[in-house]
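What follows is a short report on a single structure.
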Amino acid sequence: MYDPVFNSNFSLRNHETRWWNGGEPLWVTARCQNRTSATYFWDGNDTGHAFGADSLQTKDKVKDMDEMLGYLLDKFDSHNLWNKVNLLVTSDHGMTTIDTTNKVVDIADRVDMSKIQFTVDNGPIMQVQPTLGQIDNVVRSLRNVSHISVLMKEEIPDYWHFKNNRRIMPVFLLAQEGGGLSQR
């Protein structure tokens, strides 16, 4: 993620509060309302990254989590907690196996990189900041590439709740499932 005001890229290792301004974690909101909250970050994410989306280890972790969630839901039922507790189950991303031979697109092979100021992210998505006056040329070049969707920022669907932020670049690329985007 890139912030044009900070002229800086975000890293998970960066704990500067400026990156979180404009948003409030759920547990902070709860505390401000004198409520109790708890979070659980699934360790299956690390397993999936280490062994792959379709690995036996990841499948076992998914099964473990399914059983753990089932146990929790059973306890909600047996203790009549549904009218007292709000349970939110969320995810930050999914996982799939990538076809690195046929479906990874290196955009440097598809567009004149002198027309691109910089890109943000590699993987299933990529954001592109074209150089001044080159947005139409960049989009035209990339729209001819198979295995990816190319969206101008304003074309990003509203239901994604993604486009109305200064950190979203003018061009958004989305790889087909099983594909990826890179830039050498």
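The values are calculated or read from the model by the stated rules, or taken from the named source; none is laboratory data. None of these values were measured; they are calculated from a predicted model. Please note: Cβ atoms are built from the backbone with ideal geometry, for glycine as well, and neighbour counts cover all protein chains shown.
Structure above, values below:
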item: Filter pass, Gly123 being in contact with a helix residue (DSSP H, G or I) (Cβ under 7 Å, 6 or more places away or on another chain), at pLDDT below 95 and either closer than 30 Å to Ile168 by Cβ or surrounded by 14 or more Cβ atoms within 10 Å (Cβ to Cβ) (or both); result: no
item: Residues within the stretch 56-84 that are among the aliphatic types (A, V, I, L, M) and exposed (fewer than 11 other Cβ atoms within 10 Å of the Cβ), tallied; result: 1
item: Selection status of Leu81, within 30 Å of Trp42 (Cβ to Cβ) and either in the same structural domain as Trp27 (by TED's automatic domain parsing) or in a helix (DSSP H, G or I) (or both); result: no
item: Strands (runs of 3 or more DSSP E) contained entirely in the stretch 141-184, each with at least 2 residues that are touching a Phe, Trp or Tyr at 6+ places or on another chain (Cβ under 9 Å); result: 148-152
item: Subset of the stretch 27-55 that is surrounded by 13 or more Cβ atoms within 10 Å (Cβ to Cβ) and of a type in the set (Phe, Trp, Tyr) - its residue that is farthest from Met95 (Cα to Cα); result: Trp27
item: Those residues of the stretch 30-73 which are among the acidic types (Asp, Glu) and modelled with pLDDT of 90 or more, in sequence order; result: Asp54, Asp60, Asp64, Asp66, Glu67
item: Subset of the stretch 12-69 [β-branched (Val, Ile, Thr) and either within 28 Å of Asp99 (Cα to Cα) or in a helix (DSSP H, G or I) (or both)]; result: Thr17, Val28, Thr29, Thr47, Thr58, Val62
item: Check on Val138, surrounded by 13 or more Cβ atoms within 10 Å (Cβ to Cβ) and over 30 Å from Val62 (Cα atoms); result: yes
item: Search result, residues across the stretch 119-131 that are assigned to a strand (DSSP E or B) and at negative phi; result: Thr119, Val120, Ile125, Met126, Gln127, Val128, Gln129, Pro130
